[in-house]
Amino acid sequence: MTGEMTMPPSQVQTAPARTRPSPRTLPGGAAGGAVFVLVVVVTALAGGQYAVYTGTLIGIYALVTVSQEWIIGRAGLVSLGSAAIMAVGAYVTARLSTTSWSVFPIPLVVAMIFGAVVGLLIGVPGLRFRGLYLMLTTLALQFIVAFAGQKYQGVENQSGFVVNPPHWGSLDLGSPRALFIITCVVLGLVLLALRGIYGGAAGRIWNAMRQDEAAASVLGVNLVRWKLTAFIGSSALTALGGSLYAYQAGLVSYGTFSLDLSLTLLVMVFIGGLGTLVGPILGAAVIVLLPNGIERLSGAFAGIPQVADWLSLHEATVANGIYGLLLLLVLLFERDGIYGLVRRLGSAAAGQWHRRVRRGAVQ
Amino acid sequence: MNADIANVISNGLVTGCIYALIGVGFVVVFRATGVVSFAQGAFMVLGALIFAGLARAGLGLAVGLPVMLVVMLVIGGVIYRLVFARIAGAEAFVASIATVGLGIVLEVIALLIWGPEVIAVPQLFNFRSRVHVVGELNFSALNLFVMGLTVVAFVVIVVGLNRTPVGLRMRAVANNPQLAAYSGVRVVRTSMIAWGIGGLTAGLAGVLYLLGSQPDPVTVYSLGLAAFPAILLGGLDSIPGSLVGGILIGLLQAAIGVFVGGEWQDVGAYCVLLAVLLLRPQGIFGSAEIGRL
């Protein structure tokens with residue numbers, strides 16, 4: 001019937017993929033690290049209850065977005081199942097936290113192993129084909145994990161599995177401040193490790209693959225193996241994020257880890273900016289703080305009750321709409337995300353400054 | 001014939017027709033622009049809400065349905081022009097991510113305008129009259145209406161693609177956008193038509209789903225994602241595939257619903273999706289060269 005037009009258009013589009021500068025890591029490494037440590041120490045020592053809680057949430061999401069950036073920004077693949085893999089980590093942590101295996105780092109490590117195994121299982125069918133197929137495979141994963149979680153919880157655990165706080169023997173690590181510090185230390189270690197990986201041969205291979213798969217393949221890169229490596233590593237770290245999430249929430253239920261969460265994580269990565277480690281962290285911070293911002297906004301409209309009421313009534317929907325809009329705008333106008341925008345404005349401002357200095361306007 | 005089997009056939013065919021309509025719009029968009037659209041669910045919501053609004057205003061099927069179709073055609077085309085024509089040169093996968101954002105934005109707009117309640121629509125014709133076919137198998141008037149419109153939509157699309165100048169241009173763009181542009185085909189305009197058809201068929205699917213059950217917008221939206229197993233089974237780039245895949249998944253889900261339990265329906269469809277990816281990633285009718293590494 002339509003046999004003569006079987007060639008999919010994506011095969012014939014020869015427009016060159018936008019080339020990016022080689023991946024940047026932390027800006028100047030040491031400087032970024034110093035800022036990170038400073039923020040963490042100040043929050044841990046002086047932050048109020050809200051700052052510590054929000055900081056932990058940002059830290060957890062940042063861990064997941066950084067690991068998703070591994071596959072999106074490095075390997076050029078997109079997963080719609082990050083929430084499902086977080087769920088795997090969270091369930092493992094919840095179950096182990098009530099056993100003798102609950103001593104602090106053990107549940108986290110086991111969660112990572114489970115995450116890696118799920119990544120392998122889902123990556124083998126999903127990665128034999130081009131990027132879009134991984135989206136479909138992980139979409140299936142998302143629904144299958146939610147269903148399995150629902151069945152696993154059964155009737156007696158309908159509201160979810162309780163998570164006992166992390167501990168070292170008799171030392172309880174479950175206070176909000178201790179959880180904040182644990183989250184930030186874990187995130188810091190992951191950032192250091194990823195910086196090492198991206199700076200080495202593996203980082204260059206992923207970079208080559210993302211820019212031109214055919215060329216990389218001709219140079220001897222085994223595409224499937226390297227994509228699978230990125231996907232398994234990123235799944236392990238995503239499950240680690242799920243494990244920390246379980247500790248913070250104290251209760252693990254399938255409803256939390258919905259497709260909406262996966263999409264929100266995806267939005268965080270894209271609006272933060274690909275190709276950097278800072279971008280996804282910024283994206284996580286912006287999206288976590290956004291509902292709060294809308295609340296403030298409805299406070300600012302207190303003089304016009306109609307607007308204020310409408311905003312507070314539709315807070316969640318408006319926040320959702322802003323995520324979607326930000327994602328569209330970033331993809332249309334600023335592919336490097338918020339971090340790219342900040343850098344561009346920064347270097348424009350610096351250029352202005354230098355011109356003024358040259359003209360002698362500044363002494 | 002067993003009453004259960006008769007039930008499976010009539011329910012499965014109706015669900016399958018809705019999947020097929022979502023799927024055919026998806027396929028037309030995918031072939032013309034290479035974009036995997038995650039926004040079909042949002043177009044369904046818009047179509048259903050626009051139609052419900054017209055029906056509440058007193059317009060019947062004969063006026064309301066064509067008006068909705070035209071509005072959706074325009075919305076689809078305008079969205080392509082405003083959003084996706086700008087990222088035409090980028091990797092198709094970036095545009096596919098953008099459809100995720102687009103879907104969210106359209107759904108939120110619909111929710112803010114019409115609210116999250118069950119979509120109210122007046123009863124437009126007598127659902128209950130049933131047509132006896134053979135044995136226990138019988139269809140309600142609504143079932144026949146759904147199947148009839150699906151057949152009409154497929155005939156129009158297939159004939160349109162194969163027998164009209166617009167269809168010829170669309171096939172040219174699908175085959176090779178650059179060559180088509182060199183031969184004088186206006187690629188952007190043709191792609192707008194493809195996106196318009198995508199919006200129109202999704203809107204039609206949304207209305208047919210609305211007439212059969214009493215869904216709220218979020219339920220309609222998630223049906224757009226639930227159609228992916230059917231689309232992949234038929235083949236991402238095959239129009240007959242979208243019909244066959246839709247009907248097969250519809251029948252499978254109806255059978256699961258009757259013989260296993262309703263809660264297993266979605267997960268069963270997604271297991272089929274995984275199996276198709278493992279065994280025959282191009283689907284039943286898709287072209288083999290789609291994306292093997």
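The values are calculated or read from the model by the stated rules, or taken from the named source; none is laboratory data. Small disclaimer: the values here were computed from a predicted structure and weren't measured. Methodologically, a virtual Cβ is constructed for each residue, glycine included, from the backbone with ideal geometry; neighbour enumeration extends over all protein chains shown. Areas reflect the complete protein model, heavy atoms only, side chains present, ligands, DNA and RNA absent. Shrake-Rupley method; radii C 1.70, N 1.55, O 1.52, S 1.80 Å.
Below, the figures for the structure above:
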| quantity | calculated |
| --- | --- |
| Among (1) in contact with a Phe, Trp or Tyr (Cβ under 8 Å, 6 or more places away or on another chain); (2) assigned to a helix (DSSP H, G or I); (3) over 27 Å from B:ALA254 (Cβ atoms) - the single one B:ALA85 does not satisfy | (1) |
| The stretch B:124-136 residues that are open to solvent by less than 50 Å² (accessible area, probe 1.4 Å), paired with ones that are modelled with pLDDT under 75 (beta carbon under 8 Å, 6 or more apart) | B:GLY135/B:MET1 |
| Matching residues, the stretch B:155-196, being under 19 Å from B:ARG81 (Cβ atoms) and open to solvent by less than 30 Å² (accessible area, probe 1.4 Å) | B:MET170, B:VAL173, B:ALA174, B:PRO177, B:ALA180, B:VAL185, B:THR190, B:SER191, B:ALA194, B:TRP195, B:GLY196 |
| From the options A:LEU345, A:LEU325, residue that is open to solvent by 60 Å² or more (accessible area, probe 1.4 Å) and at the interface with another protein chain (Cβ under 9 Å from one of its Cβ atoms) | A:LEU325 |
| The stretch B:159-189: number of residues that are away from chain A (no Cβ under 12 Å), assigned to a helix (DSSP H, G or I) and among the β-branched types (Val, Ile, Thr) | 2 |
| Scan of the stretch A:328-340 for residues that are more than 9 Å from chain B (Cβ to nearest Cβ) and surrounded by 16 or more Cβ atoms within 10 Å (Cβ to Cβ), ordered by number | A:ASP336, A:GLY337, A:ILE338, A:TYR339, A:GLY340 |
| Count of residues meeting criterion [β-branched (Val, Ile, Thr), surrounded by 18 or more Cβ atoms within 10 Å (Cβ to Cβ) and more than 9 Å from every other protein chain (Cβ to nearest Cβ)] in the stretch B:63-119 | 5 |
| Single unsatisfied condition, A:SER235 versus (1) at pLDDT below 90; (2) under 14 Å from the mean Cα position of the chain (by Cα) | (1) |
| Selection from the stretch B:250-271 of residues that are of a type outside the set (S, T, N, Q), in a helix (DSSP H, G or I), farther than 26 Å from B:VAL121 by Cα and within 13 Å of chain A (Cβ to nearest Cβ) | B:ILE256, B:GLU263, B:TRP264, B:ASP266, B:VAL267, B:GLY268, B:ALA269, B:TYR270, B:CYS271 |
| Enumerated helices (runs of 4 or more DSSP H) restricted to the stretch A:50-167, each holding at least 3 residues that are open to solvent by 20 Å² or more (accessible area, probe 1.4 Å), within 14 Å of chain B (Cβ to nearest Cβ) and within 21 Å of A:TYR247 (Cα to Cα) | A:131-153 |
| Condition check for B:ILE239: buried (at least 20 other Cβ atoms within 10 Å of the Cβ), more than 10 Å from every other protein chain (Cβ to nearest Cβ) and either under 19 Å from the mean Cα position of the chain (by Cα) or closer than 20 Å to A:PHE143 by Cβ (or both) | no |
| Complete set of residues in the stretch A:231-278 that are touching a residue at least 60 places away in the same chain (Cβ under 8 Å) and hydroxyl-bearing (Ser, Thr, Tyr) | A:SER234, A:SER235, A:THR238, A:SER243, A:TYR245, A:TYR247, A:SER253, A:TYR254, A:THR256, A:SER258, A:SER262, A:THR276 |
| Test result for B:VAL35, within 14 Å of chain A (Cβ to nearest Cβ), surrounded by 22 or more Cβ atoms within 10 Å (Cβ to Cβ), touching a Gly at 6+ places or on another chain (Cβ under 8 Å) and at pLDDT below 95 | no |
| Set B:LEU279, B:LEU274, B:LEU248: member being at pLDDT 90 or above, surrounded by fewer than 23 Cβ atoms within 10 Å (Cβ to Cβ) and of a type outside the set (Asp, Glu) | B:LEU248 |
| The stretch B:282-293, subset open to solvent by 50 Å² or more (accessible area, probe 1.4 Å) and at the interface with chain A (Cβ under 7 Å from one of its Cβ atoms), residue modelled with the lowest pLDDT | B:LEU293 |
| Residue identified as more than 30 Å from B:SER37 (Cβ to Cβ) and at pLDDT below 90 among A:GLY123, A:GLY160 | A:GLY160 |
| Those residues of the stretch B:212-243 which are outside any helix (DSSP H, G or I) and without any contact (Cβ under 8 Å) to a residue 24 or more places away in the chain, in sequence order | B:SER213 |
| Flag if A:ALA316 is within 14 Å of another protein chain (Cβ to nearest Cβ) and either assigned to a helix (DSSP H, G or I) or not acidic (Asp, Glu) (or both) | yes |
| Search result, residues across the stretch A:33-49 that are among the aliphatic types (A, V, I, L, M) and crowded, with 16+ Cβ neighbours inside 10 Å | A:VAL40, A:ALA44 |
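For (1) β-branched (Val, Ile, Thr); (2) at pLDDT below 90, each residue gets a yes or a no:
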| site | (1), (2) |
| --- | --- |
| A:SER82 | no, no |
| A:VAL88 | yes, no |
| A:PRO105 | no, yes |
| A:GLY115 | no, no |
